[in-house]
């Protein structure tokens, strides 16, 4: 393991500052209804495409455009279960046709909300690529009913989709305010015609933390390095808002990783040790403070994402056992994110899942910080087995026992 770490660390030092961050997501928040949804979504896509062109003209590569509707119970409540599922399938087909990623928002905002929409998600999410969420903590406290409903849904989705992959598109969200651009947590209460932006800038963090090992200097240098592309991205967003009827909600400055664009590599470049070693929490805090210092209008997590399966190096370290769920919860005390794309053995039951989601909700509410739980139990597999996910966004790894 030490030899592989040395190779990865050396590679990380070769990354240059000229590797411009990508725009991971331009996300539109709209209201739809079951009658005019095609026209409503078409208008949003036209705006998103124009915004994408503006970013591309400025030299940014744009990975995805996204649309999040108001909470789906608002437009499915009058339908039969079969009709509601059919409608969500139509939305999914439209997203593929028009080239956007879709979210249908949250099934429960308040803990007293009807849990019927959770049953609808159980049936629909294995059949579509739409994203959805449940709010498990808010300003009014921890939503224990929603915690249990989340566990029930996660367990069901694991059983009803290949390798449990439907859970990739679901998150239990805690203290996450509306209009964050990143899926699956992105949501809004209604109103529409608002948009936000998120960047994929873990490569920039790697470059800075590979050069600066002193914590104070590293934080200052990283804040300055992040500010430049964030200000440029915000300027474009504000221009798009000015020339349209759309409202700019803000930018999530979280340096999102993906694949080999690894936040784990960035943190290892700073600590000189595998992710999970002493110093990892310090690195997490440095990145988060630098992100918080960004002189832009901030939305979403605005901290640090540590997605186990979306980051190739983090997936490798998970297989090696250098960190675990409790490690991620500890780091979440000084950053934002929670438990993101965490693979679990298939025999993890609803009760255990509820305890895990409850820990995330408790931590989020205690420190008033946005966290999420995106858990992926793999049916039929146990600790020590290798995952076999077919989604290109997810790296495969070795399952670890849940303590």
**Asked** What percent do you get for the relative contact order of the stretch 170-216 when only Cα pairs under 8 Å and 6+ apart count?
**Response** 27 percent
**Message:** Report the gain in length on full extension from residue 83 to residue 129: 0.36 nm times residue separation, minus Cα-Cα distance, nm rounded to one decimal.
**Reply:** 14.8 nm
**Request:** Go ahead and set up a Gaussian network model of the chain, Cα springs under 10 Å, then flag whichever of 174, 124, 245 fluctuates most.
**Result:** 245
**Length released on extending from residue 49 to residue 352, taking residue separation times 0.36 nm less the Cα-Cα span** = 104.8 nm
**Fill in**
extent check for the stretch 19-144: Cα max minus min per principal axis, descending, whole Å, gives 46, 35, 23
**Prompt:** Mind checking the alpha-carbon convex hull of the stretch 313-403 and giving the volume per residue in Å³?
**Reply:** 95 Å³
**Item:** Cα-based equivalent ellipsoid, the stretch 179-264: semi-axes from gyration tensor eigenvalues, Å
**Value:** 29, 15, 10
**Message:** How would 47, 275 line up from fewest to most surrounding beta-carbon atoms within 10 angstrom?
**Reply:** 47, 275
**Request:** Compute the distance in nm between two label points, each set 7 Å from the Cα along the Cα-to-Cβ direction, one at residue 243 and one at residue 162.
**Result:** 4.3 nm
**Prompt:** Taking Cα pairs under 8 Å and at least six residues apart, what relative contact order does the chain come out at, in percent?
**Reply:** 18 percent
**Asked** Compactness ratio of the stretch 247-384: Cα Rg over 2.2 N^0.38 Å, N = residue count?
**Response** 1.05
**Fill in**
Highest GNM mean-square fluctuation among 123, 390, 310, for the chain with Cα springs under 10 Å, belongs to 390
**Prompt:** To two decimal places, what compactness ratio does the chain give when its Cα radius of gyration is scaled by 2.2 N^0.38 Å?
**Reply:** 0.93
**Message:** Rounded to the nearest angstrom and ordered from largest down, what semi-axes does the equivalent ellipsoid of the stretch 260-312 get from its C-alpha gyration tensor (root of 5λ)?
**Reply:** 21, 14, 8
**Prompt:** Using 0.36 nm per residue, how much length does the chain from residue 388 to residue 368 gain when fully extended, once their Cα-Cα distance is taken away?
**Reply:** 3.6 nm
**Item:** Max mean-square fluctuation residue, GNM over the chain, Cα-Cα springs under 10 Å, options 305, 281, 238
**Value:** 238
**Request:** Pop a pseudo-label 7 angstrom from the Cα along the beta-carbon direction at both residue 34 and residue 333 and give the gap in nm to one decimal.
**Result:** 4.8 nm
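Bear in mind that the values in this text are calculations on the coordinates, not laboratory data. Source: prediction; values computed, not measured. No Cβ is skipped: glycine too gets one built from the backbone with ideal geometry, and neighbour counts run over all protein chains shown.
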